[in-house]
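Encoded as structure tokens, the structure appears first; notes follow it.
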Amino acid sequence: MERRAFRIAQMALRNPDDALDAVQDAMLQLAKRYAQRPQEEWPPLFYRILQSRIRDCLRRRVVRNRVMSFFGGQRDADDDPPDPIEAATDPADRDPSEQVAQGAAMQALGTALAALPGRQREAFMLRILEGLDVADTAKSMGCSEGSVKTHLSRAVHSLRETLGEHW
């Protein structure tokens, strides 16, 4: 769960250090507050906490950037680290042309996911990449099941339109 959560946080935050902090904080909060709950309730609770930590980090960035721009400062050069999807290694048994095609497809997916609105990206990643059901995704996102379906549908349509040949 930690690696997948880190991927989600890194896609949203675009900074591995911030992503790691968000995941660790979410895990600690889950352990502190919900250890007595049944284990099957943990995934939606964890993803809800994680999304809250991601939003907090993004808010802090906005404030930090406003303050820095007020005082004439610039953004750090490492605000936009390399995409983890691009850095993923392919199994050695694949044909080189297949590796190139898959690499291009994964890069296109990463770019397309980053371009989605936050709620659509969140619904897509929790439902498709994490495999949560609609009810657990709704709990994680703090919205109704109908909203999850709407956000997911819009995300899939947008990704199909954007990815075209890779989809």
**Asked** What is the gain in length, in nm to one decimal, between Ser153 and Tyr34 on full extension, counting 0.36 nm per residue of separation less the C-alpha to C-alpha distance?
**Response** 39.7 nm
**Request:** Beta carbons within 10 angstrom, averaged per residue: use that to sort the peptides 102-109, 15-22, highest first.
**Result:** 15-22, 102-109
**Asked** Which order, highest average first, do 24-31, 124-131 follow once you tally other Cβ atoms within 10 Å for each residue and take the mean per peptide?
**Response** 124-131, 24-31
**Message:** Multiplying the sequence separation of Trp42 and Thr111 by 0.36 nm and subtracting their Cα-Cα distance, what value in nm do you get?
**Reply:** 21.9 nm
**Local net charge near Glu122, Cβ-Cβ under 11 Å (Lys/Arg +1, Asp/Glu -1)** = +4
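Rule-based calculations on the coordinates, nothing more; no lab input. Note that the structure is a prediction, hence the values are computed from the model and not measured. Because the Cβ atoms are built from the backbone with ideal geometry, glycine has one as well, and the counts that use them run over all protein chains shown.
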